[in-house]
Amino acid sequence: MSTPEPNAIAYDRVRAVEWEDGRLKLMDQRLLPARLEYLYFDNLPDAARAIHDMVVRGAPAIGITAAYAVVLAARDRYRANPRDWRADIEPDLERLASARPTAVNLRWAVERMRALIKALPDGDPLPRLLAEAKHIHAEDIAANRRMGELGAALIGAGSGVLTHCNAGALATGGYGTALGVVRAGVAAKRIKEVFADETRPWLQGARLTAWELLQDGIPVTLLSDGAATWLMKQGRVQWVIVGADRIAANGDTANKIGTYMTAVAARHHGVKFMVAAPTSTIDMNTPDGNAIPIETRAETEVLTAGGTRTAAEGARAWNPVFDVTPAELIDAIVTEKGVVEQPTRAKMVALMGS
Ligand code: MRU
């Protein structure tokens with residue numbers, strides 16, 4: 001991998017997941033941007049609950065959190081039962097993997113830790129498991145930097161870009177996928193203006209993307225999700241850049257609800273559509289978007305804002321939190337292994353080598 005521009009690295013101050021003094025440390029993303037607070041975890045059930053409750057969110061960040069959570073579980077299980085801890089940890093791994101259904105990085109990280117658990121010699125498993133979790137974390141940051149370079153190279157100088165949800169440092173090990181491309185594109189002066197959808201109902205765009213870009217000194221303009229099409233009509237954006245929670249074997253991509261709508265609008269207006277995601281988000285066992293499980297969350301996320309009911313009393317809500325953008329609406333899938341333009345199953349197989 002080549003060395004990223006020094007400027008691009010300077011735009012990289014935010015970390016949501018850390019391992020500190022034998023504990024998992026998570027920035028509590030539910031409180032941002034009003035308060036910057038951290039929570040510490042020393043056992044797997046609490047860490048799994050934090051994933052479910054969205055203390056930490058974003059596909060790669062969830063995967064990295066899970067890897068550290070496996071370390072915590074192994075510590076407890078080995079202390080309690082050094083002979084049979086491998087059998088005891090199995091229910092923990094399943095509980096963790098099912099904390100959220102759509103982001104495949106979660107199960108990917110659990111499977112990688114499970115494979116190591118099986119291969120470990122007898123004795124204290126902690127050093128090897130912790131090294132693996134740290135490796136997964138470092139790999140993710142390196143992948144994001146590489147994607148930043150590859151993605152930014154596709155963008156013409158002086159472009160406006162629109163992003164949806166938060167696919168940034170907060171959603172990954174650091175630097176971000178879609179926002180990694182934004183960071184590298186701003187550093188290379190290819191991107192002159194960044195727009196972010198507020199991303200109803202959880203407001204990842206308004207609360208998280210705006211916050212993290214401003215931490216790094218990158219100006220950002222927010223818009224309500226419904227304004228994106230009108231922004232495109234004005235000719236103010238040349239690329240939509242998003243992350244992914246799961247990319248199927250044919251290139252169909254699950255991402256935050258509203259992504260599909262944005263992709264349809266982009267195609268109509270001749271705006272290019274880029275998905276930036278590490279290969280850990282590609283699931284070659286999922287044939288196409290129809291097979292991706294879509295998480296549905298509580299009605300209250302839609303019926304309320306900031307804890308106050310905004311919807312008419314008695315109204316119900318439907319709250320699918322992801323949708324699937326068909327491959328034919330995607331101009332480029334940018335991964336750390338390379339760029340797939342106009343994705344098809346054959347091109348995805350060529351990328352993944354299976
Ligand atoms: O529900 P969330 O906030 O976990 O959803 C996150 C997203 O949809 C992100 O865009 C996706 O995980 C990519 S993160 C690099």
Matching helices (runs of 4 or more DSSP H) fully within the range 4-102 where at least 2 residues are at pLDDT 95 or above and within 13 Å of the ligand (Cβ to nearest atom): 44-52, 59-80
Met261 being part of a strand (DSSP E or B), more than 22 Å from Glu111 (Cβ to Cβ) and more than 12 Å from the ligand (Cβ to nearest atom): no
Name the residue that is farthest from Leu32 (Cα to Cα), counting only residues in the range 152-167 that are assigned to a loop (DSSP other than H, G, I, E, B) and in contact with a helix residue (DSSP H, G or I) (Cβ under 7 Å, 6 or more places away or on another chain). Ile155
All conditions in (1) assigned by TED's automatic domain parsing to the domain that holds Arg297; (2) in contact with a Lys or Arg (Cβ under 9 Å, 6 or more places away or on another chain); (3) closer than 29 Å to Glu295 by Cβ are true of Gly158 except (3)
What are the pairs with Cβ atoms under 7 angstrom where one residue, in the range 59-77, is free of Cβ contacts under 8 Å to residues at least 40 places away in the same chain and the other, located anywhere, is buried (at least 24 other Cβ atoms within 10 Å of the Cβ)? Sequence gap at least six, or different chains. Ala73/Leu44
Quick check: anything in the range 315-325 on the phi > 0 side of the Ramachandran plot and in a loop (DSSP other than H, G, I, E, B)? no
From the list Thr229, Thr281, pick out the single residue that is within 16 Å of the ligand (Cβ to nearest atom) and either outside the structural domain of Val14 (by TED's automatic domain parsing) or touching a Pro at 6+ places or on another chain (Cβ under 8 Å) (or both). Thr281
Considering every residue within the range 118-131, establish whether at least one is crowded, with 21+ Cβ neighbours inside 10 Å and not assigned by TED's automatic domain parsing to the domain that holds Pro278. yes
So, in the range 158-208, how many residues would count as being on the phi > 0 side of the Ramachandran plot and surrounded by fewer than 24 Cβ atoms within 10 Å (Cβ to Cβ)? 3
Would the range 88-106 turn up any residue that is under 30 Å from Val271 (Cα atoms) and of a type in the set (D, E, K, R)? no
For the range 207-226, name all the residues that are hydroxyl-bearing (Ser, Thr, Tyr) and either closer than 24 Å to Ala327 by Cβ or more than 16 Å from the ligand (Cβ to nearest atom) (or both). Thr221, Ser224
Go through the range 217-233 residue by residue and tally those that are surrounded by fewer than 16 Cβ atoms within 10 Å (Cβ to Cβ) and either without any contact (Cβ under 8 Å) to a residue 12 or more places away in the chain or small (Gly, Ala, Ser) (or both). 5
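The values are calculated or read from the model by the stated rules, or taken from the named source; none is laboratory data. Here the structure is a predicted model, which means the values were calculated and not measured. So basically every Cβ, Gly included, is an ideal-geometry build from the backbone, and we count neighbours across all protein chains shown.
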